[in-house]
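Heads up, the thing below is written out as structure tokens.
Any read-out appearing in this document is the output of simple, stated calculations on the displayed coordinates, not a laboratory observation. Keep in mind that what you see is a predicted model, and the values were worked out from it rather than measured. Cβ atoms come from the backbone with ideal geometry, glycine included; neighbour counts cover every protein chain shown.
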Amino acid sequence: MNGSTKPVITLAHGNGGSLMHKLVNDVFVRAFGGTLAANPADSAILEINAGRIAFTTDSHVVTPLFFPGGDIGSLAVNGTVNDLAVMGARPVYLTCGMIIEEGFPVETLERIAASMAASARAAGVSIAAGDTKVVEKGAADGIFINTSGIGVFDGEAMGRAPRGLSSIRPGDAVITSGTIGDHGIAIYAGREGINFETDLKSDCAPVTALTMAAMSASPNIRIMRDPTRGGLATTLGEFAAGQSFGIEIDETRVPVRDDVAGACELLGFDPLYVANEGKIVLIVPSADADSVAAALRKIPIGAGAAIIGRVTGDHAGTVSLRTAVGGHRIVDMLAGDMLPRIC
């Protein structure tokens with residue numbers, strides 16, 4: 001207990017004894033249920049009828065913990081779900097590791113757990129296993145969350161999964177599923193207490209519906225990614241780096257919300273480098289571009305999908321931007337950390 005009547009996390013909650021068991025049962029098992037509740041053991045036994053799976057892990061250290069459009073809980077679930085989805089897999093299971101600072105309010109922990117549970121249900125995944133550690137006050141910043149995830153390749157999806165960098169060819173089209181920079185600007189506004197007098201919020205959401213729609217529209221997707229830290233520019237830079245092709249995007253075709261563009265101009269940020277948490281960027285054969293973009297637009301979070309550029313045989317290994325006034329500039333990957341602690 002602290003000076004008030006509201007319970008907080010103590011070091012005893014991390015010692016493996018009765019307080020820890022009570023915390024796990026009262027907060028996490030109650031919120032997550034499912035496999036976690038049915039199997040209170042050291043490992044989860046999973047049913048996966050697939051010859052091939054995708055597996056990933058991610059850690060989340062965002063500040064503030066709650067921001068317009070989401071929180072560290074929804075971010076932890078969707079961030080890992082999306083890393084699986086862009087590989088062409090259907091996410092099915094997550095694990096959850098909590099590093100909690102002594103003195104952290106239990107009420108806040110319950111809010112985060114409830115958000116994770118709701119996000120997992122929305123994404124169609126089960127939180128199957130987890131772990132909790134408590135560290136001394138000052139050794140962490142409230143709470144850090146690690147999630148690992150497993151996704152399966154269902155039937156036809158196996159043959160339609162992205163083929164990878166080596167499949168990209170000059171003439172291919174570059175597509176984004178919607179406006180860029182929403183998450184990073186929402187985080188910054190929440191952190192700094194800035195009121196832009198708009199409905200600006202994070203785009204934090206699972207992208208599985210988008211990736212499945214894209215694969216249904218084209219059996220020849222080259223690559224898909226979720227452009228998180230470093231934004232669209234860095235993701236495209238990773239595609240082009242060391243390759244025999246270049247990528248050119250058209251500034252007038254890149255969708256950016258007016259309030260995000262205004263905030264970036266005010267703050268001195270380039271929206272191309274600002275993080276997203278509910279968008280995908282794809283490279284597809286030019287012949288499939290219109291059908292893939294149309295399929296994405298049928299999904300609510302993909303309504304703003306746009307064909308924004310193309311792969312070229314020129315300027316190998318680089319990304320260039322054709323500006324609104326007709327010029328060109330090189331778009332490098334992000335150097336440094338423009339917006340730290342955003343995911």
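Per-structure values
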| quantity | calculated |
| --- | --- |
| Extent along principal axes [Cα atoms of the range 236-301; Å; largest to smallest] | 39, 35, 22 |
| Helical contribution to [θ] at 222 nm, DSSP H n ≥ 4, -39,500 (n - 2.57), averaged over the chain, rounded to 500 | -8000 deg cm²/dmol |
| Among the listed pairs K6/K133; K137/K201; K137/K279; K201/K298, those beyond 27 Å (Cα-Cα) | K137/K201; K137/K279 |
| Cβ-derived FRET efficiency at R0 30 Å, S43 paired with K137, nearest 0.05 | 0.45 |
| Rough spin-label spacing in nm, given labels placed 7 Å along Cα→Cβ, for L11 and R30 | 2.7 |
| The chain: most fluctuating residue of G309, G155, G181 per GNM, C-alpha cutoff 10 Å | G155 |
